[in-house]
Each structure stands twice: as structure tokens, then as C-alpha cells.
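J.: I'd like to ask some things about the structure below.
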Amino acid sequence: MVGGVAATAAWRLPSAWAADAVPTAAGSFTSRVSLAAGDDRANIAFKSLEPFKKEIAAAIGNKRVVIKPNNVITTVPLSGSHADNLEGILEFLKSINKKNVVIAESPANGPAMEGFTNFGYTKFVDKYGVKLVDLDKDDFEVVQCVDQKDFQPHPCRMAKTMMGPDNFIISAAVLKTHDLVGITLSLKNVVVGAALKEAANKPMSGKRLTHGGGTYGINYNLFALSAKLHPDLAVIDGYQGMEGTGPVHGTAVDQKVCIASMDWLAADRVGAELMGVDFGKIGYLTYCAQAGDRGQGDLSKIEILGPSIKDHAKAYQMPRNWDQITSWQKPVPTA
């Protein structure tokens, strides 16, 4: 079934995975992740990106830059990407002279502009010349998602902006727990954010179908769709994360870190480590690591640029339904 999804949505190799997947002089690392820590949220976002300055500039080239924040709910600030983190990213893009930038989102509730206003993004229009884009008003492409009730392919709408080869996708994610898959970091922010909400004249609901009807379906869909939908650059804000009943109703974790990498899987791997989460219990990320062509999921093969992970890791409280979340490891129940 993986082949069917990949055939429907043309393969899109991470822009720097091939370049980063080169052993260092020591011969052990294949990917690099930058970790920055400090008391200024915007500054650590900027600092986390600096080690990749040349690579990012070359990868963007003449492409439009699409910053995808994680505004799952437009009225809960802790659940969304903080404006200071976005400012650090925008200042970095300014420093490498990249001006064709949009901030794009399709939140789970309400119009994107509501979140942009509530979370303080509107100031970026004049300050940096960015455009604010509601992905629910975008053109769309149809991909196939499975529903675990029948494990058959179902068509669902994905925002074209998030899939086009002429766009460079930055996932401005947040370290958060998630009550369906355990944790949500850079990949899930892009895949589910690209999925469009149901409309009366567009019945294929990407948001609902992407979630796959349960633990087995959502983990499979996130893995399968990652071949087409993924960040070119992952920036994960851990200045203040969320634990417990994420991605909306959890509580704050003060951590004051930021992660950046052009290998999104390596960034999510490091994010799991910073949250004190067993990576092997996160279904969709484990599938991506096992596939071997999405990025680097082996921590021993990831070079950490910056302070040690152990000096900043915290043990996040996981959602109460952890047993259900990790049930993907068991055989699919039969009737």
C-alpha cells in the first residue's frame, strides 16, 4: 500500500538529505542537527540556523519560502508557534537576503487569519514584507489516505502550496506531546497542516482523513505521506514546550532551546530525546527511520552542533492514554 500512496503523490526528496548524508572525517555521522539554548527566544532560533547558512541559502535559491507555523488552535497561544520564534527565522532569512516569504497555515479550527492576529504575526507583513496565507483558500492536490476501519485508500485534499517543488518549506514547529501519536514535531506540523478542512463544495476532508480513524491509520498515513509532504528545513521551538494532554490542552515546560536541521527526521529524533521520549514508541517516526530514505533516525549518526542534549533534556509527562498511543506496536485487531 505504501507504493500506492507514493505513486499518487510524486516523491519529494528532502532538499538537503542527500547533501547531509555524507560521513564526516570521523566517518560516523550522516546528518547534523543544531541545538541552541538561551534566554532570548528569537535569538536562539537565529543561532540554531547559523551553522547551515550556506546550505540553506543554496537550497532556497530562487524558490519561495513557506514558513509553516503550528497553529493547531487559533485561540490557545501555548499550542501555537510563538511570534518570537518566527521573528528569529525571519531575521535569519533577511541575513541571507531571502525576501520572497509567506507564512501559511490551515488550523484545525477557524480561519488562519484569526490565529495570525491572535499570535501576533500581522506585524511581520510590514516589518519583513511577508504574506500571510490561509491554506484553506489554496488550490489543492488530491492524495490517498487510509482509514483503519477498512484500510482502503480514500482521496483527501492537500494544499498545493505545501507540495510544490518551487517552494522551500520551513516547519516552525514546537516541542509538544500529542494525544494520538505521542509527540508532534516538524513532520506532523507539515503533513496535517497541509491537509485542508472540509467545505460544503469540497467534500474530501484532508484533516479528518489524514488522522486515519485511529492509532494504526494515523501513524501509517504520516509515514506514507512523508514521501511527498515534509519540511526542507526543520526549526523546532522548545523555549516553552507542552506536556500532558497535547497538542492543545497540555501544560507548559520551560526549556529554552531551539533545534534546527535540514534533515527533518534527525531534528525530530533530537526533539524526542530532548523530551525524554522513547523514539521507538513513536509509530510514524519509527516507520520513517526504518524506511531508510526519509532522513536519519539513528541518534549515534547525528552530529549535534551546540550544547549537549543531556544538558537540556527534560522528562515530559505523556498523555494519559499512552497505552492506546503505543498500541500501533501490536498486530491490527481482527473482527
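J.: Can you name the condition, by its number, that ASP268 falls short on among (1) crowded, with 18+ Cβ neighbours inside 10 Å; (2) more than 22 Å from ASN221 (Cα to Cα); (3) among the acidic types (Asp, Glu)?
T.: Among (1) crowded, with 18+ Cβ neighbours inside 10 Å; (2) more than 22 Å from ASN221 (Cα to Cα); (3) among the acidic types (Asp, Glu), the lone unmet condition for ASP268 is (2).
J.: Identify, please: which residue in segment 70-79 is not polar (S, T, N, Q) and not in a loop (DSSP other than H, G, I, E, B) and is, among those, surrounded by the most Cβ atoms within 10 Å (Cβ to Cβ)?
T.: Let us first name the residues in segment 70-79 that are not polar (S, T, N, Q), namely 72-73, 76-78.
Going one step further and asking which of them are not in a loop (DSSP other than H, G, I, E, B), we end up with 77-78.
On the way: PRO77: 16, LEU78: 18.
Going through the qualifying residues, I end up with LEU78.
J.: If you don't mind, there's one more thing I want to ask. Without any contact (Cβ under 8 Å) to a residue 40 or more places away in the chain and either within 17 Å of ALA260 (Cβ to Cβ) or charged (D, E, K, R) (or both): is that true of LYS310 in this structure? First the steps, then the outcome.
T.: Numbers: without any contact (Cβ under 8 Å) to a residue 40 or more places away in the chain: yes; either within 17 Å of ALA260 (Cβ to Cβ) or charged (D, E, K, R) (or both): yes.
Taking the combined requirement at face value, the residue satisfies it.
J.: A follow-up question, please. Evaluate segment 107-124: report whether one residue or more is surrounded by 14 or more Cβ atoms within 10 Å (Cβ to Cβ) and assigned to a strand (DSSP E or B).
T.: no
J.: Let me ask another. Looking only at strands (runs of 3 or more DSSP E) that fall completely inside segment 228-335, which ones have 3 or more residues that are modelled with pLDDT of 95 or more and under 30 Å from ASP166 (Cβ atoms)? First the steps, then the outcome.
T.: Details: elements: 233-243, 251-254, 257-261, 302-305.
Qualifying strands (runs of 3 or more DSSP E): 233-243, 257-261.
J.: Another one. I'm told THR245 meets every condition in (1) in contact with a Ser or Thr (Cβ under 9 Å, 6 or more places away or on another chain); (2) surrounded by 24 or more Cβ atoms within 10 Å (Cβ to Cβ) except one. Can you identify the failing condition by its number?
T.: Just one mismatch for THR245, condition (2).
J.: Here are the criteria: (1) farther than 28 Å from ILE56 by Cα; (2) in contact with an Asp or Glu (Cβ under 8 Å, 6 or more places away or on another chain). Tell me which single one VAL248 does not satisfy.
T.: (2)
J.: Also, I was wondering about something else. When segment 82-94 is examined, which residues are found to be touching a residue at least 40 places away in the same chain (Cβ under 8 Å) and not hydrophobic (A, V, I, L, M, F, W, C)?
T.: Within segment 82-94, the first condition is being touching a residue at least 40 places away in the same chain (Cβ under 8 Å), and the residues that meet it are 82-92.
The answer is HIS82, ASP84, ASN85, GLU87, GLY88, GLU91.
J.: Follow-up. Based on what the data block shows, is ILE67 surrounded by 18 or more Cβ atoms within 10 Å (Cβ to Cβ), free of Cβ contacts under 8 Å to residues at least 40 places away in the same chain and part of a strand (DSSP E or B)? Reasoning before the result, please.
T.: Numbers: surrounded by 18 or more Cβ atoms within 10 Å (Cβ to Cβ): yes; free of Cβ contacts under 8 Å to residues at least 40 places away in the same chain: no; part of a strand (DSSP E or B): yes.
When the stated conditions are applied, ILE67 does not pass them.
J.: Quickly run through segment 9-57 and pick out the residues that are assigned to a helix (DSSP H, G or I), crowded, with 16+ Cβ neighbours inside 10 Å and modelled with pLDDT under 50.
T.: Passing the criteria: TRP17, ASP20.
J.: Which ones in segment 86-128 are polar (S, T, N, Q) and closer than 20 Å to ASN167 by Cβ? So that I can check it myself, show each step before the final result.
T.: Within segment 86-128, the first condition is being polar (S, T, N, Q), and the residues that meet it are 95, 97, 100, 106, 109, 117-118, 122.
Those that are polar (S, T, N, Q) and closer than 20 Å to ASN167 by Cβ: ASN97, ASN100, SER106.
J.: Here is a follow-up. Applying the selection to segment 173-191, what residues are over 9 Å from the mean Cα position of the chain (by Cα) and not small (Gly, Ala, Ser)?
T.: LEU175, LYS176, THR177, HIS178, ASP179, LEU180, VAL181, ILE183
J.: Tell me, please, whether a residue that is assigned to a loop (DSSP other than H, G, I, E, B) and over 23 Å from CYS258 (Cβ atoms) can be found in segment 80-98.
T.: Applying the first criterion (assigned to a loop (DSSP other than H, G, I, E, B)) to segment 80-98 yields 80-82, 96-98.
Subsequent filtering for residues that are over 23 Å from CYS258 (Cβ atoms) retains none.
For segment 80-98, residues assigned to a loop (DSSP other than H, G, I, E, B) and over 23 Å from CYS258 (Cβ atoms): absent.
J.: Taking the residues in segment 128-164 that are in a helix (DSSP H, G or I) and free of Cβ contacts under 8 Å to residues at least 40 places away in the same chain as candidates, determine which candidate is surrounded by the fewest Cβ atoms within 10 Å (Cβ to Cβ).
T.: Looking only at segment 128-164, we keep the residues that are in a helix (DSSP H, G or I), and these are 128, 135-137, 160-162.
Narrowing further to those that are free of Cβ contacts under 8 Å to residues at least 40 places away in the same chain: 128, 137, 160.
Working: TYR128: 17, LYS137: 13, LYS160: 15.
Restricting to residues being in a helix (DSSP H, G or I) and free of Cβ contacts under 8 Å to residues at least 40 places away in the same chain, the top hit is LYS137.
J.: If we scan segment 185-202, do we find a residue that is in contact (Cβ under 8 Å) with a residue 60 or more places away in the chain and over 18 Å from LEU135 (Cα atoms)?
T.: Checked against the condition, which is being in contact (Cβ under 8 Å) with a residue 60 or more places away in the chain and over 18 Å from LEU135 (Cα atoms), segment 185-202 yields at least one hit.
J.: Only residues that are among the polar types (S, T, N, Q), under 29 Å from PHE29 (Cα atoms) and buried (at least 17 other Cβ atoms within 10 Å of the Cβ): list them for segment 289-329, please.
T.: Residues of segment 289-329 that are among the polar types (S, T, N, Q), as a first pass: 290, 296, 300, 308, 317, 321, 324, 326-327, 329.
Pick out the ones that are also under 29 Å from PHE29 (Cα atoms) and you get 290, 296, 300, 308, 329.
Selection gives GLN296 alone.
J.: Among the listed residues GLY164, GLY206, which satisfies the condition of being of a type outside the set (D, E, K, R), on the phi < 0 side of the Ramachandran plot, modelled with pLDDT under 95 and touching a Lys or Arg at 6+ places or on another chain (Cβ under 8 Å)? Talk me through it step by step, then tell me what you get.
T.: Numbers: GLY164 fails: touching a Lys or Arg at 6+ places or on another chain (Cβ under 8 Å).
Being of a type outside the set (D, E, K, R), on the phi < 0 side of the Ramachandran plot, modelled with pLDDT under 95 and touching a Lys or Arg at 6+ places or on another chain (Cβ under 8 Å) holds for just one of GLY164, GLY206, which is GLY206.
The values are calculated or read from the model by the stated rules, or taken from the named source; none is laboratory data. In this text the structure is predicted, and so the values were computed from the model without any measurement. No Cβ is skipped: glycine too gets one built from the backbone with ideal geometry, and neighbour counts run over all protein chains shown.
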